[in-house]
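Asker: The structure that follows is given in the form of structure tokens.
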Amino acid sequence: MKINRRDFLKWAVAASVALNLDLDMDKLNIVLAADTDPPVIWLEGSTCAGCTISFLNVTKPTTVDNVLTTKISLKYNAAVSAKSGESAMQAIDKAASTYKGQFILVVEGAIPTAANGEYCILGEVNNDPLTMKEAVLKYGPMAKYVVAAGTCASFGGISATAPNTPQCSSAESVLKGTSVPIVNLPSCPVNPTILVQTLLDLILTGVPSLTTNKTPTKYYEATIHSTCPRKGTTEGKIGETGCLGGVGCNGPKTSAYCVSSKWNNGINWCIGTNSPCIGCANPTFPTNPLLSSGASPTASPTSTNSSNTPTATPTKTATPTSTKTGAPTSTKTASPTKTPAPTVTTKPSAT
Amino acid sequence: MATTIVLDPVTRIEGHLKVSVVLDSNNTVTSAKSTGNLYRDFENILLKRPPIDAAFITQRICGVCPVSHAVASVKAIENAAGFKPSLKAVLMRNLIQGADFIQSNILHFYHLAALDFIKGPQMSPWAPGYNQDIRLNDSQNSTFVTNYVTALTIRRKAHEMGAILAGKLPHVSSVLPGGVTTSPTSSDISTFKTYLNEISSFITGTYKNDANTLASIYNDYYKIGKGYGNLISYGVFDLDASGNKKLFSSGVHTNSSDVTLNTSKIIENVKYSWYTSSSKQNPADGTTTPSPGKSGAYSWMKAPRYSGMPHETGSLARAWVNGDYKKGISVMDRMMARYLETEKIATNMKTWINEIGTGSGGYTEFKSPDSGSGFGLTEAGRGALGHWISISGATTSKYQIVTPTCWNASPKDDSGNFGPIEKALIGTKVANTEQPVELLRIVHSFDPCLACAVHVISPEGEELSKFIIQ
């Protein structure tokens, strides 16, 4: 769809006002000069597809139909694209070549790096399978920006949890050494408001201010606990309305936007269901145990649950340790010296 | 001269799927293979963790049916503890799972499957698309496209409705061993009902009309893609605290007769799968030892069988086993059964939301056992889902997951029987090998979810070079 210049400008001005930004007319004109909506290519690696589904759930700054028809030109997304097979793969390649240096590459999921990346194949080009790793290495440097949507793409996340046989890695670590700017948008799944607004920010004003984790400062600077409405309230157990710090809530060590934006059009959020934050936006997610204070829901010595008939010793908690540091982060990224296990037969080189 | 069609990737599914078929000189499919293209190590990720972690982590198997994984997981953990949740917990789980079923079924019909039958908007990401065997006239097609967009809104609202009790979707916070942690207010219940009414109107109006339109225009698809005709359902939506009575009952339809589900008859085959772990094991005893390059194997999906036979699972199996729909087994029967269950679920949610009441009572403080084992069976949108857990030393010592797509997209079993999707493809005539929409219609009718297929899936090794058809 050709962009309607007037509509685009109108929207751009409104977005800039809403974001309290100065409108950069030069950048806007570059976007408009492309004579198309700003192109986006979305690749799925080792993922549950939850970030795609979350993207479909967006309501702010606008709904997904509006995003797709008037804001960006989504050249490829495996869940949405009409055509299967080689023509799907050609669509990716054509878009990347045509819009080299202009498009945004969205990476969903982690990138398996063991065995030359063969734990994740995107599709075939000329009967030759293209791995996610190859695709990110090929198209990442051609992109203007890379957006890591969700915790797996940002930090490895669930996909990179030990034992991590496929040696899943983040987009940033796979693209290490290249100069393409990367923005990480962790949480599981990605917060759709943050995703869409960041795409628009990149198009309109360039890379926003980032934290050391390469996450946009405006969304990830503060911990959930710092503005949690339950901060300072009486401690509660799971299923109760109170501060959940005593049952392992990760809010104090998790930087995310949940308190302000909540989820699903602002309907609710995890703590709103009397369930502790599991720290899904953290570089260390998922820690072992997830509820890492050691005071898991099993811990209360005053349990009145009569229908539950455990064989447990009454004072022991079910969590193996009460560490506050969670899982070791060394399993998060593939060590180049580590032997891939199990060994996978290498396909003929794709190059 | 045989020719091969390779569809890699199959888009408009969840996850990474490749389908290859061999055609004879009449362009009729004589053999088929389905291959997953992503390996995830989920069952090993869960080990040496507190069992409760599985309730959160297994949801991340699938962003489309996370609630079903949460439910299967908490049922398995509760089963190991000998615990039964309250009726309020059961009904709140139904409402959350029901909301996710509705969004999933609407997503499937409009956004995953429809583009095999209609022309999408002529822009990315809908173009390039298919123009083979598009039978709708311009006006019908235009209505469909409009409804495609409306359906985006309705499925989003189904998730918003679910999040009232679930915290967020995908990936809920409130479904834990012990029940559902949410304490709904009267305002929450009222908001839920408002959403449900709007969504129900869409289902019984727009969705119903569009399903009927497709079914009448493509009525030859009532005779295409049957497969074996064997069906299995674990049952879903408990109607009492015991879990014995369900909205969709469990059961099996094998060789034209209906039988009671007996989980000990579920056996996983691995002869044609890239595993060296023992074949023919029940999931409770099964292990997962990957062995890429294993001689003779062509897929990383295991091949679950019931009484030794391949079985299809999903909306049609649920409807059939429950006696709701027994007209036939085909592409279009699957589409119609999926519509009918969506309507049925929404109708029953109107009852459940009136029964849950406000405030606490949905969650009972829960302690996982230090040792024990259990299983949890439920249904995801695309079929039967089971989790099996063993606990020792207060942590998970074994976890096995059998997902619906393991049933549907499985490879051949040890006896050489094709998997259900493979079988459904065989015998199909392809009019235009450049645009094999017939194959896509069949594959999509199963709503395959490769994200879900967990240990199913495989790095492709040498099988590609071996997969040469002369």
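Asker: Going through segment A:46-59 one residue at a time, which ones are modelled with pLDDT under 95 and not aliphatic (A, V, I, L, M)? Don't jump to the end; show me each part of the working.
Answerer: Step one: of segment A:46-59, the residues modelled with pLDDT under 95 are A:46-49.
Passing the criteria: A:S46, A:T47, A:C48.
Residue-wise test of (1) under 30 Å from A:V247 (Cβ atoms); (2) within 14 Å of chain A (Cβ to nearest Cβ).
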site	(1), (2)
B:I345	no, no
B:G361	yes, yes
B:T378	yes, no
B:A384	no, no
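Asker: In addition: Does segment A:152-173 include one or more residues that are within 26 Å of A:P39 (Cβ to Cβ), touching a strand residue (DSSP E or B) at 6+ places or on another chain (Cβ under 9 Å) and outside any helix (DSSP H, G or I)?
Answerer: Here is the first cut: in segment A:152-173, the ones within 26 Å of A:P39 (Cβ to Cβ) are A:152-154, A:169-173.
From what is left, the residues that are touching a strand residue (DSSP E or B) at 6+ places or on another chain (Cβ under 9 Å) are A:152-154, A:169-173.
Filter again for outside any helix (DSSP H, G or I), leaving A:169-170.
Checking segment A:152-173: at least one residue is within 26 Å of A:P39 (Cβ to Cβ), touching a strand residue (DSSP E or B) at 6+ places or on another chain (Cβ under 9 Å) and outside any helix (DSSP H, G or I).
Asker: So, one more: In segment A:121-151, which residues are in a strand (DSSP E or B) and more than 18 Å from the chain's Cα centre (by Cα)? Steps first, please.
Answerer: Taking segment A:121-151 first, the residues in a strand (DSSP E or B) are A:121-125, A:128-131, A:145-149.
Selection gives A:I121, A:L122, A:G123, A:E124, A:V125, A:D128, A:P129, A:L130, A:T131.
Asker: Checking B:T288 against (1) in contact with a helix residue (DSSP H, G or I) (Cβ under 6 Å, 6 or more places away or on another chain); (2) in a strand (DSSP E or B), which single condition isn't satisfied?
Answerer: (2) is the only condition that B:T288 fails.
Asker: Tell me, yes or no, whether segment A:152-170 has at least one residue that is surrounded by fewer than 24 Cβ atoms within 10 Å (Cβ to Cβ), more than 9 Å from chain B (Cβ to nearest Cβ), within 16 Å of the chain's Cα centre (by Cα) and modelled with pLDDT of 95 or more.
Answerer: For segment A:152-170, residues surrounded by fewer than 24 Cβ atoms within 10 Å (Cβ to Cβ), more than 9 Å from chain B (Cβ to nearest Cβ), within 16 Å of the chain's Cα centre (by Cα) and modelled with pLDDT of 95 or more: absent.
Asker: Within segment A:220-278, work out how many residues are within 9 Å of chain B (Cβ to nearest Cβ) and buried (at least 17 other Cβ atoms within 10 Å of the Cβ).
Answerer: 21
Asker: Go through segment B:1-120 and tell me which strands (runs of 3 or more DSSP E), entirely inside it, have 2 or more residues that are within 9 Å of chain A (Cβ to nearest Cβ) and in contact with an Asp or Glu (Cβ under 8 Å, 6 or more places away or on another chain). Before the answer, list the steps.
Answerer: Details: elements: B:3-7, B:17-23, B:29-36.
Here the list reads B:17-23.
Asker: All but one of (1) in contact with a strand residue (DSSP E or B) (Cβ under 6 Å, 6 or more places away or on another chain); (2) more than 14 Å from every other protein chain (Cβ to nearest Cβ); (3) of a type outside the set (K, R) hold for A:M142, so report the exception by its number.
Answerer: Answer for A:M142: the failing condition is (1).
Asker: Could you grab me the full set of residues in segment A:36-55 that are in a helix (DSSP H, G or I) and at the interface with chain B (Cβ under 8 Å from one of its Cβ atoms)? Walk me through it before giving the result.
Answerer: Of the residues in segment A:36-55, the ones in a helix (DSSP H, G or I) are A:50-55.
Of everything in segment A:36-55, those that are in a helix (DSSP H, G or I) and at the interface with chain B (Cβ under 8 Å from one of its Cβ atoms) turn out to be A:G50, A:C51, A:T52, A:I53, A:S54.
Asker: Within segment A:56-85, work out how many residues are facing chain B (nearest Cβ under 8 Å), in contact (Cβ under 8 Å) with a residue 40 or more places away in the chain and surrounded by fewer than 18 Cβ atoms within 10 Å (Cβ to Cβ).
Answerer: Of the residues in that region, 1 qualify.
Asker: Filter segment B:153-203 for residues that are of a type in the set (K, R) and either closer than 11 Å to B:Q103 by Cα or in a helix (DSSP H, G or I) (or both) and give the result. Show your work before the answer.
Answerer: Just the residues of segment B:153-203 that are of a type in the set (K, R), to begin with: B:155-157, B:168, B:193.
Residues satisfying the conditions are B:R155, B:R156, B:K157, B:K193.
Asker: Next question. May I ask you to verify whether B:H108 is at positive phi and either surrounded by fewer than 19 Cβ atoms within 10 Å (Cβ to Cβ) or modelled with pLDDT of 95 or more (or both)? Full working, then the answer.
Answerer: Values: at positive phi: no; either surrounded by fewer than 19 Cβ atoms within 10 Å (Cβ to Cβ) or modelled with pLDDT of 95 or more (or both): yes.
Considered against the rule, which asks whether it is at positive phi and either surrounded by fewer than 19 Cβ atoms within 10 Å (Cβ to Cβ) or modelled with pLDDT of 95 or more (or both), B:H108 comes out as no.
So that you can scan it fast, the table gives a plain yes or no per residue for (1) touching a residue at least 60 places away in the same chain (Cβ under 8 Å); (2) more than 11 Å from chain A (Cβ to nearest Cβ); (3) in contact with a strand residue (DSSP E or B) (Cβ under 7 Å, 6 or more places away or on another chain):
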residue	(1), (2), (3)
B:Y130	yes, no, no
B:L136	yes, yes, no
B:H159	yes, no, no
B:G179	yes, no, yes
B:S201	no, yes, no
B:G205	no, yes, no
B:K223	yes, yes, no
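Asker: Give me the pairs: first residue in segment B:320-337 and under 23 Å from B:H111 (Cα atoms), second residue in a helix (DSSP H, G or I) and among the β-branched types (V, I, T), beta-carbon distance under 7 Å, and six or more apart or on different chains, which are they?
Answerer: Correct list of pairs: B:V331/B:I442.
Asker: What are the residues in segment B:350-377 that are assigned to a loop (DSSP other than H, G, I, E, B), closer than 24 Å to B:G82 by Cα and not acidic (D, E), if any? Give the derivation first.
Answerer: Of segment B:350-377, the ones assigned to a loop (DSSP other than H, G, I, E, B) are B:356-362, B:364-371.
Next, only the ones that are closer than 24 Å to B:G82 by Cα stay: B:356, B:360-362, B:364-371.
Matches in segment B:350-377: B:I356, B:S360, B:G361, B:G362, B:T364, B:F366, B:K367, B:S368, B:P369, B:S371.
Asker: All but one of (1) surrounded by fewer than 18 Cβ atoms within 10 Å (Cβ to Cβ); (2) away from every other protein chain (no Cβ under 14 Å); (3) not charged (D, E, K, R) hold for B:M332; state the number of the condition that does not hold.
Answerer: The one condition B:M332 does not meet is (1).
Asker: Can you name the residue in segment A:209-223 that is in a loop (DSSP other than H, G, I, E, B) and within 17 Å of the chain's Cα centre (by Cα) and is also farthest from A:A148 (Cα to Cα) among such residues? Break it down stepwise before answering.
Answerer: The initial filter retains those residues of segment A:209-223 that are in a loop (DSSP other than H, G, I, E, B), namely A:209, A:211-215, A:221-222.
Filter once more, so that each one left must be within 17 Å of the chain's Cα centre (by Cα): A:211-215, A:221.
On the way: A:T211: 14, A:T212: 15, A:N213: 12, A:K214: 10, A:T215: 10, A:E221: 18 Å.
Checking each candidate, the answer is A:E221.
Asker: Ok, one more. Among the residues of segment A:86-105, count how many are closer than 22 Å to A:F55 by Cα and either assigned to a loop (DSSP other than H, G, I, E, B) or away from every other protein chain (no Cβ under 12 Å) (or both).
Answerer: Residues that pass the stated criteria total 5.
Asker: Report the residue count in segment A:106-139 for those that are surrounded by 24 or more Cβ atoms within 10 Å (Cβ to Cβ) and at the interface with chain B (Cβ under 9 Å from one of its Cβ atoms).
Answerer: Within segment A:106-139, residues that are surrounded by 24 or more Cβ atoms within 10 Å (Cβ to Cβ) and at the interface with chain B (Cβ under 9 Å from one of its Cβ atoms) number 13.
Asker: Could you figure out which of (1) under 23 Å from the mean Cα position of the chain (by Cα); (2) over 18 Å from A:A143 (Cα atoms); (3) hydrophobic (A, V, I, L, M, F, W, C) isn't true of A:I41?
Answerer: (2)
Asker: Kindly indicate which of B:I96, B:I118, B:I134 is closer than 22 Å to A:K75 by Cα and either crowded, with 18+ Cβ neighbours inside 10 Å or out of contact with any helix residue (DSSP H, G or I) (no Cβ under 6 Å at 6 or more places or on another chain) (or both).
Answerer: Values: B:I96 fails: closer than 22 Å to A:K75 by Cα; B:I134 fails: closer than 22 Å to A:K75 by Cα.
One residue alone meets the criteria, B:I118.
Asker: Please go through segment B:234-255 and give me each residue that is exposed (fewer than 15 other Cβ atoms within 10 Å of the Cβ) and touching an Asp or Glu at 6+ places or on another chain (Cβ under 9 Å), ordered by number.
Answerer: Once the filter is applied, which keeps residues that are exposed (fewer than 15 other Cβ atoms within 10 Å of the Cβ) and touching an Asp or Glu at 6+ places or on another chain (Cβ under 9 Å), segment B:234-255 yields B:N244, B:K245.
Asker: Looking at this structure, is B:Q97 at pLDDT 95 or above and out of contact with any Gly (no Cβ under 8 Å at 6 or more places or on another chain)?
Answerer: Yes; evaluated as a whole, the condition is true for this residue.
The values are calculated or read from the model by the stated rules, or taken from the named source; none is laboratory data. Computed from a predicted model, the values in this text were never measured in an experiment. Backbone-built Cβ (ideal geometry, glycine too); neighbour counts: all protein chains shown.
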